[in-house]
């Protein structure tokens with residue numbers, strides 16, 4: 001009975017056990033090496049699922065991906081169920097893994113002052129003829145986690161939902177938060193509404209122990225910083 005179950009194709013498995021569905025549901029880290037490689041080859045044989053086929057090949061490689069990557073196309077095609085196309089896919093994946101190890105991690109933008117916030121954001125919103133509000137969520141070292149537009153309006157910005165801002169900040173494990181928006185008029189002078197919004201964000205951040213770094217108002221070629229003006 002167990003042998004019959006092992007021979008079932010992946011399409012006959014419970015959906016929760018299928019590698020593709022499992023990756024979508026739990027993330028790639030939850031899958032074994034054999035399951036990840038099975039996704040690449042797509043199918044096994046009438047007698048062996050893709051996962052079992054990859055388990056057997058990995059076993060012959062002493063369960064070492066580095067050893068697998070050293071096999072040739074001819075070596076891999078000696079296994080029933082592995083043709084040249086599947087062999088090439090496996091070796092390409094192994095090579096990408098090696099290249100990723102050698103690649104330097106891309107650093108997130110450093111936004112530790114208003115000028116850097118302006119330089120990062122002005123190309124996104126400087127030419128707009130409507131106001132947009134963006135929250136910049138950062139780690140403790142002022143490296144950006146995510147820039148997210150949370151408000152869009154006409155000549156004046158639509159109301160900003162402070163609760164939504166804080167929810168997004170908590171979901172992203174934000175330590176430092178900045179807010180910025182554009183003035184289509186070209187003037188960076190803050191309005192009374194801008195002042196009220198700044199105060200509201202500052203109070204909400206204080207309750208959640210998030211550092212409110214700045215509120216920056218952008219126009220084409222200039223900006224206003226509440227932090228630099230001593231108003232934060």
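FYI, it's all coordinate maths here, none of it is from the lab. Everything quoted here is computed from the prediction, not taken from an experiment.
Side notes on the structure shown:
- Ellipticity estimate at 222 nm from DSSP helix runs (n ≥ 4, -39,500 (n - 2.57)) divided over the chain, nearest 500: -12500 deg cm²/dmol
- Relative contact order, percent, segment 104-192 [alpha-carbon distance under 8 Å, six or more residues apart]: 32 percent
- Helix 114-125 axis, angle to the chain major axis (alpha carbon atoms, nearest 10°): 70 degrees
- As a length-normalised measure over Cα pairs under 8 Å and 6 or more apart, the relative contact order of the chain settles at 13 percent.
- Candidate values (i) 26; (ii) 47; (iii) 30, label of the one derived for percent of Cα pairs over 32 Å apart: (ii)
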